[in-house]
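What follows is a short report on a single structure.
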Amino acid sequence: MPKLSAGDTAWMLASAALVMFMTPGLAFFYGGLVRAKNVLGTVMQSFVALGLVTVLWALVGYTLAFGPDKGGLIGGLKYAGLSGVGANPSVYAPTVPATTYMVFQLMFAIITPALIAGAFAERMKFSGYLVFIGLWSIVVYAPVAHWVWGGGFLGTAGLGAIDFAGGSVVHANAGAAALATALYLGKRRGYGSSALAPHNVPLVLLGAGILWFGWFGFNAGSALAANALASSAFVNTQLGAAAAMLAWMIAERLRVGRATTVGAATGAVAGLATITPASGYVQPWGALLIGAAAGFVCFAAVLGRARLDYDDSLDVVGVHMVGGVLGVVLTGAFASLAINAAGAAASVAQVGRQAVLALVTVAFSFAMTLLLLKITDVTVGLRVSAEAEGEGLDLSQHGEVGYRLADVPEEVPEPSPVTQPPR
């Protein structure tokens, strides 16, 4: 039996905590990008995923993704309700307990459906959101995770495609679902005719900074050990994000005459999404090239959204779907066995395998998301009413407001002697 490593276990638990922190970071990032009347509704969509997806993952999600392979398509029910997931070494990470690997993968399962929310920000019912992401995490996320990481037909046990930390499983998957959702729900009221600008840019930067910080656990933790591969993935994560941010700023400067704060934050996130599948397979110079490509290509994709005339509120498609697909394909062009002997060597054939991985992920996610949206719509409903959308999600869905900066109480009573502090 493989021997458990205290160092590897500590690193994996720390990485799981870093990835968990990304979801509140995403909440801030998305929350700052919407209008003030929708900040709580948007933040809540990320935050509630921490609760809902955790329970579903424990019940069925983990076993569908990482249970014993059934025909290359899905995992068996051996680990339903986390039965048998204990202190023994994980099948997938033999130097850490199975519970450690399970909780690390849980954090990926949480943030992926939360990413989709940026595409339909400011117009989905909270009840519909809960039903939709609950179904999506089981019907879409778990199978794709199994295909790539759980012994399914797309990963190293089948097709031979590689994805170190989730370019296909997380980003292309969520991005394709985002496109389907934006098309299904239609545009926000006032789209194209009213200002729908971010209400709190410092909040956007705070969220982007937290995402960047947490991404080191996302990518370097996917080495599944505290070793040289984790260090390489950590460095490549930084290089990819930095190169993408600078490339986005250059593109923005050339296109609109200035480099914006929101653009710099978005460029960094695009770089992080794009380097994710390659982070544990490429040399540092490859990470710089992939990051630079992400900045320019994702910027062009975001511009293309206006030309294609669909309302992806926070550019999930341009950043995560395009970035994820780009990263998955470029992994095949830059992968090096000197970095990861368990990976693949760069070749035309490997680029082809990577392209198949990206195409299958996007097609499956897009089609299944449309089906789940229809099911949710006819059961609990998806889009808020025109009146609720005008009022804002904060009040209409949660009965709260994000800011009370101008509220002054009508009467401030004198404190009673009982409540006054002693002399």
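Could you tell me whether residue 62 is under 30 Å from residue 161 (Cβ atoms), of a type outside the set (Lys, Arg), modelled with pLDDT of 95 or more and surrounded by fewer than 24 Cβ atoms within 10 Å (Cβ to Cβ)? For residue 62, the condition - under 30 Å from residue 161 (Cβ atoms), of a type outside the set (Lys, Arg), modelled with pLDDT of 95 or more and surrounded by fewer than 24 Cβ atoms within 10 Å (Cβ to Cβ) - is not met.
What about residue 237, is it among the β-branched types (Val, Ile, Thr), in contact with a His (Cβ under 7 Å, 6 or more places away or on another chain) and in contact (Cβ under 8 Å) with a residue 40 or more places away in the chain?
No.
You will find that of 375, 339, the residue that is farther than 16 Å from residue 161 by Cβ, surrounded by fewer than 17 Cβ atoms within 10 Å (Cβ to Cβ), of a type in the set (A, V, I, L, M, F, W, C) and at pLDDT 95 or above is 375 and no other.
Of all residues in segment 122-159, those satisfying the criterion of being of a type in the set (A, V, I, L, M), over 30 Å from residue 38 (Cβ atoms) and surrounded by fewer than 20 Cβ atoms within 10 Å (Cβ to Cβ) are 157, 159.
Of everything in segment 242-262, what is modelled with pLDDT of 95 or more, within 19 Å of residue 197 (Cα to Cα), in a helix (DSSP H, G or I) and β-branched (Val, Ile, Thr)? Give them in sequence order. Listed by number, the residues that qualify are 261, 262. Being closer than 27 Å to residue 162 by Cα, part of a helix (DSSP H, G or I), in contact with a helix residue (DSSP H, G or I) (Cβ under 6 Å, 6 or more places away or on another chain) and free of Cβ contacts under 8 Å to residues at least 60 places away in the same chain holds for only one residue in 272, 288, and it is 288. Residue 406 meets each of the listed conditions (1) at pLDDT 95 or above; (2) among the hydrophobic types (A, V, I, L, M, F, W, C); (3) surrounded by fewer than 17 Cβ atoms within 10 Å (Cβ to Cβ) apart from (1).
Residue by residue, here is whether (1) crowded, with 24+ Cβ neighbours inside 10 Å; (2) out of contact with any Ser or Thr (no Cβ under 9 Å at 6 or more places or on another chain); (3) closer than 20 Å to residue 150 by Cα; (4) charged (D, E, K, R) holds:
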site: 6; (1), (2), (3), (4): no, yes, no, no
site: 22; (1), (2), (3), (4): yes, yes, no, no
site: 48; (1), (2), (3), (4): no, yes, no, no
site: 51; (1), (2), (3), (4): no, yes, no, no
site: 68; (1), (2), (3), (4): no, yes, yes, no
site: 71; (1), (2), (3), (4): no, yes, yes, no
site: 77; (1), (2), (3), (4): no, no, yes, no
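Listed by first and then second residue, the pairs with beta-carbon distance under 9 Å, at least 6 apart or on different chains, first residue in segment 382-405 and within 29 Å of residue 371 (Cα to Cα), second surrounded by fewer than 19 Cβ atoms within 10 Å (Cβ to Cβ) and among the hydroxyl-bearing types (Ser, Thr, Tyr), are 382/184; 396/385; 397/127. Of everything listed in (1) within 19 Å of residue 399 (Cβ to Cβ); (2) touching a His at 6+ places or on another chain (Cβ under 9 Å); (3) of a type outside the set (Ser, Thr, Tyr), the single unmet condition for residue 33 is (1).
If you check 264, 292, 300, 270 for being surrounded by fewer than 24 Cβ atoms within 10 Å (Cβ to Cβ) and within 25 Å of residue 184 (Cα to Cα), only one passes: 300. Each residue in segment 93-120 was checked for being touching a Leu at 6+ places or on another chain (Cβ under 7 Å) and assigned to a loop (DSSP other than H, G, I, E, B), and 3 of them qualify.
For segment 268-278, the criterion of being closer than 24 Å to residue 230 by Cα and in contact with a strand residue (DSSP E or B) (Cβ under 8 Å, 6 or more places away or on another chain) is met by at least one residue. What's the total number of residues in segment 318-336 that are surrounded by fewer than 21 Cβ atoms within 10 Å (Cβ to Cβ) and either part of a helix (DSSP H, G or I) or acidic (Asp, Glu) (or both)? Qualifying residue count for the region: 2.
The values are calculated or read from the model by the stated rules, or taken from the named source; none is laboratory data. Bear in mind that the values here come from a model prediction, so they are computed numbers and not experimental data. Glycine also receives a Cβ, built like all others from the backbone with ideal geometry; neighbour counts cover every protein chain displayed.
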